[in-house]
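The values are calculated or read from the model by the stated rules, or taken from the named source; none is laboratory data. What you are looking at is a predicted structure, and each value in this text was computed from that prediction instead of being measured. With ideal geometry, Cβ positions are generated from the backbone for all residues, glycine too; neighbour counts draw on all protein chains shown.
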Amino acid sequence: MMLLAVLPLTVCYFDLAGLPPSIHTAARDIAARIFHKAGVEIRWQEGRFGCAGVNQVTIRVIRNAPRRPVLEEGSVGLTTYARNGFSDQAMIFADRLDMVSWALLQSSATNFSGPSWLDFWRGVVLGASVAHELGHLLLGPGSHSKSGIMKAVPNLYTLMHTYHGWVRFDRAQEFRIQLEVLARLLADAGFDLPGQPLFRCDFSEGVS
Ligand SMILES: [Zn+2]
């Protein structure tokens, strides 16, 4: 079910880990493609400082995962905290990104194996992780699913399918994402919606 054709969402995207720009380009293309299928147009904004609007979320790529909370094996990112009920920030950890990418290289039985493919995998894993974390920011608690981009820990085939554009949010998730973005747009426009926000994220959750 499609609520509207396309809804804009600003994603403030900061690289504090110093990854090669080509990895970010590949990752943002993958994430944008997944959200386009969900009816949301991502407007990337780069820099070093966070965003101020409700319909603006922040992704920070940082060097190392924290000691607390302890992330589960295979987890690359973390959705951390909320502001006024709207969760607005998530982090991706470059050390976890490299760990997963190397593991994929070593386990891959495809033509995408070997050290020269490391940056390819880093782009795919980062893109899937960005889309996944944005999903957590917009969908709220309990938003993992058994398949699709919200699968807790994607395997090789999920990531290959992500690269090919075959992995997305499920229909119900896409509808909820559109409602959430619409609520954020209305909040930014000054509307005080009853029961707002539609999906509260007033907790901390470790995510993959
Ligand atoms: Zn997750």
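Data table
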read-out: Selection within region 50-82 - of a type in the set (Gly, Ala, Ser), in a loop (DSSP other than H, G, I, E, B) and modelled with pLDDT of 75 or more; value: 53, 65, 74, 75
read-out: Residue 193 being assigned to a helix (DSSP H, G or I), at pLDDT below 90, surrounded by fewer than 18 Cβ atoms within 10 Å (Cβ to Cβ) and in contact with a Leu (Cβ under 9 Å, 6 or more places away or on another chain); value: no
read-out: Condition check for residue 147: touching a His at 6+ places or on another chain (Cβ under 7 Å) and within 14 Å of the ligand (Cβ to nearest atom); value: no
read-out: Single condition residue 138 does not satisfy, out of (1) more than 16 Å from the ligand (Cβ to nearest atom); (2) at negative phi; value: (1)
